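Q: Questions regarding the structure given below will be posed in turn.
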Amino acid sequence: MEITDEQLMSWVKAGQLDYLNELFSRYSKRIYNYFLKSTLERADSDDLTQELFIRVMKYRNSYKEGHSVQFWIFQIARNMIKDHFRKMKIHKDQFNPVEVMPEAEDVGDEALFEREKRLHLAMKELPDDKRELLVLSKFQGMKYEQIAKLRDTTVSNIKVQVHRTIKELKEVYFQLEEI
């Protein structure tokens, strides 16, 4: 029988910090990808991922028993992204899509590489809150109910926002295709 995230977190909360390693192995890749798709910077994503797990350890007593560990961790991550953007006063024109894109020879298909590059450029053009919405729903696979809870809104509102954001992303993507 597999140990649940909630059980691991209750042990971490009780001071058995060795179990934080298991939570790290379960969540670090997803958290890193969330930060990477939000910040579009590898170094920042590495730093934020490490900082997140430091915060999990530091604020472990704020976790409420029986609640979703995934939700709690992504709440922390979301707050960290907001703080990061506030601190950095991000300049979107500094983004270099090649930094987060694999080399063309690694992909094996130049056309695929170009489409991926264009997608990252289009994502860069979206406002931070819309980019976050796509990252959570499409890249992290979060359910609309979870996102609605995170954003303190309704599921139907999230569905509308996702639909509009995808439409906006498509428009930007195809504009970039024409260039």
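The values are calculated or read from the model by the stated rules, or taken from the named source; none is laboratory data. This one's a predicted model, so the numbers in the text were calculated from it and none came from an experiment. Here the Cβ positions follow ideal geometry from the backbone for every residue, glycine too, while neighbour counts run over all protein chains shown. Remember, those area values only see protein heavy atoms, side chains included, never the ligands or the DNA or RNA. Shrake-Rupley method; radii C 1.70, N 1.55, O 1.52, S 1.80 Å.
Q: Check His120 against each of (1) surrounded by fewer than 16 Cβ atoms within 10 Å (Cβ to Cβ); (2) modelled with pLDDT under 90; (3) part of a helix (DSSP H, G or I) and name the one condition it does not meet.
A: Against the list (1) surrounded by fewer than 16 Cβ atoms within 10 Å (Cβ to Cβ); (2) modelled with pLDDT under 90; (3) part of a helix (DSSP H, G or I), His120 comes up short only on (1).
Q: Which residues, taken from the stretch 128-179, are outside any helix (DSSP H, G or I) and not charged (D, E, K, R)? Please lay out each step first, then the result.
A: Just the residues of the stretch 128-179 that are outside any helix (DSSP H, G or I), to begin with: 140-143, 152-154, 179.
Across the stretch 128-179, the qualifying residues are Gln140, Gly141, Met142, Thr153, Thr154, Ile179.
Q: What are the residues in the stretch 61-90 that are open to solvent by 60 Å² or more (accessible area, probe 1.4 Å), of a type in the set (Gly, Ala, Ser) and in contact (Cβ under 8 Å) with a residue 12 or more places away in the chain, if any?
A: Selection gives Gly66 alone.
Q: Next question. Consider the stretch 124-133. How many of its residues are surrounded by fewer than 19 Cβ atoms within 10 Å (Cβ to Cβ) and in contact with a helix residue (DSSP H, G or I) (Cβ under 7 Å, 6 or more places away or on another chain)?
A: Within the stretch 124-133, the subset surrounded by fewer than 19 Cβ atoms within 10 Å (Cβ to Cβ) is 124-130.
Then drop every residue that is not in contact with a helix residue (DSSP H, G or I) (Cβ under 7 Å, 6 or more places away or on another chain), which leaves 124-126, 128, 130.
Residues that pass the stated criteria total 5.
Q: Among the residues that make up the stretch 67-80, is at least one of them at pLDDT below 90 and either over 18 Å from the mean Cα position of the chain (by Cα) or among the acidic types (Asp, Glu) (or both)? Before the answer, list the steps.
A: So the first thing to find is which residues in the stretch 67-80 are at pLDDT below 90, and the list is none.
Looking for residues that are at pLDDT below 90 and either over 18 Å from the mean Cα position of the chain (by Cα) or among the acidic types (Asp, Glu) (or both), one finds none in the stretch 67-80, hence no.
Q: Answer yes or no as to whether Leu112 is open to solvent by less than 70 Å² (accessible area, probe 1.4 Å) and modelled with pLDDT of 80 or more.
A: no
Q: Okay, next question. Working only within the stretch 14-24, note down all residues that are part of a helix (DSSP H, G or I), over 30 Å from Leu119 (Cβ atoms) and of a type in the set (A, V, I, L, M, F, W, C).
A: Taking the stretch 14-24 first, the residues part of a helix (DSSP H, G or I) are 17-24.
Restricting the remaining residues to those that are over 30 Å from Leu119 (Cβ atoms) gives 17-23.
Residues satisfying the conditions are Leu17, Leu20, Leu23.
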